[in-house]
1. For segment 1-27, how many residues are within 30 Å of Gly65 (Cβ to Cβ), assigned to a strand (DSSP E or B) and touching a residue at least 24 places away in the same chain (Cβ under 8 Å)?
2. Of the residues Thr58, Thr40, which is of a type outside the set (Phe, Trp, Tyr) and modelled with pLDDT under 95?
3. In segment 42-60, is there at least one residue being touching a strand residue (DSSP E or B) at 6+ places or on another chain (Cβ under 9 Å), part of a strand (DSSP E or B) and open to solvent by less than 90 Å² (accessible area, probe 1.4 Å)?
4. Taking Ala30, is it aliphatic (A, V, I, L, M), in contact with a strand residue (DSSP E or B) (Cβ under 8 Å, 6 or more places away or on another chain) and either within 18 Å of Val4 (Cβ to Cβ) or open to solvent by 70 Å² or more (accessible area, probe 1.4 Å) (or both)?
5. Here is a list of conditions, (1) without any contact (Cβ under 8 Å) to a residue 12 or more places away in the chain; (2) within 12 Å of the chain's Cα centre (by Cα), and Lys45 meets all of them except one; can you say which number that is?
6. Residue check: is Glu18 surrounded by fewer than 15 Cβ atoms within 10 Å (Cβ to Cβ) and in contact with a Ser or Thr (Cβ under 8 Å, 6 or more places away or on another chain)?
Amino acid sequence: MPKVQVTCPISGDPVDAEAFAMVDGEKVFACCGGCVKKITADPGKYKAKIAASYTYQTRCPVMGGEIDPA
């Protein structure tokens with residue numbers, strides 16, 4: 001199933017699609033520029049929080065039905 005980041009790893013607030021840091025070649029989204037600066041300064045410090053900010057997408061965002069993982 002697709003992994004989707006839903007919360008800021010620093011604040012726990014919803015992410016802003018315009019606020020992100022590049023960590024190991026991938027975008028890590030945050031809620032604001034201040035949190036982006038914290039992530040960029042020391043991404044290792046927030047590794048566990050970054051991992052916990054994701055969820056698996058189980059429903060189609062358009063039709064609302066369940067996603068078939070096969």
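The values are calculated or read from the model by the stated rules, or taken from the named source; none is laboratory data. None of these values were measured; they are calculated from a predicted model. Heads up, the Cβs are rebuilt from the backbone with ideal geometry, glycines too, and the neighbour counts pull from every protein chain shown. What goes into the accessible areas is simple: the full protein's heavy atoms, side chains included, and nothing from ligands, DNA or RNA. Shrake-Rupley method; radii C 1.70, N 1.55, O 1.52, S 1.80 Å.
1. Taking segment 1-27 as the starting set, the residues that turn out to be within 30 Å of Gly65 (Cβ to Cβ) are 1-9, 12-18, 20, 26-27.
Adding the requirement that they be assigned to a strand (DSSP E or B) leaves 3-5, 7, 14, 16-18, 20, 26-27.
Subsequent filtering for residues that are touching a residue at least 24 places away in the same chain (Cβ under 8 Å) retains 3-5, 7.
Summing the residues that are within 30 Å of Gly65 (Cβ to Cβ), assigned to a strand (DSSP E or B) and touching a residue at least 24 places away in the same chain (Cβ under 8 Å) in segment 1-27 gives 4.
2. On the way: Thr40 fails: modelled with pLDDT under 95.
Result of the check over Thr58, Thr40: Thr58.
3. Yes: one or more hits.
4. On the way: aliphatic (A, V, I, L, M): yes; in contact with a strand residue (DSSP E or B) (Cβ under 8 Å, 6 or more places away or on another chain): yes; either within 18 Å of Val4 (Cβ to Cβ) or open to solvent by 70 Å² or more (accessible area, probe 1.4 Å) (or both): yes.
So Ala30 passes the test.
5. (2)
6. Numbers: surrounded by fewer than 15 Cβ atoms within 10 Å (Cβ to Cβ): yes; in contact with a Ser or Thr (Cβ under 8 Å, 6 or more places away or on another chain): no.
Answer is no for this residue.
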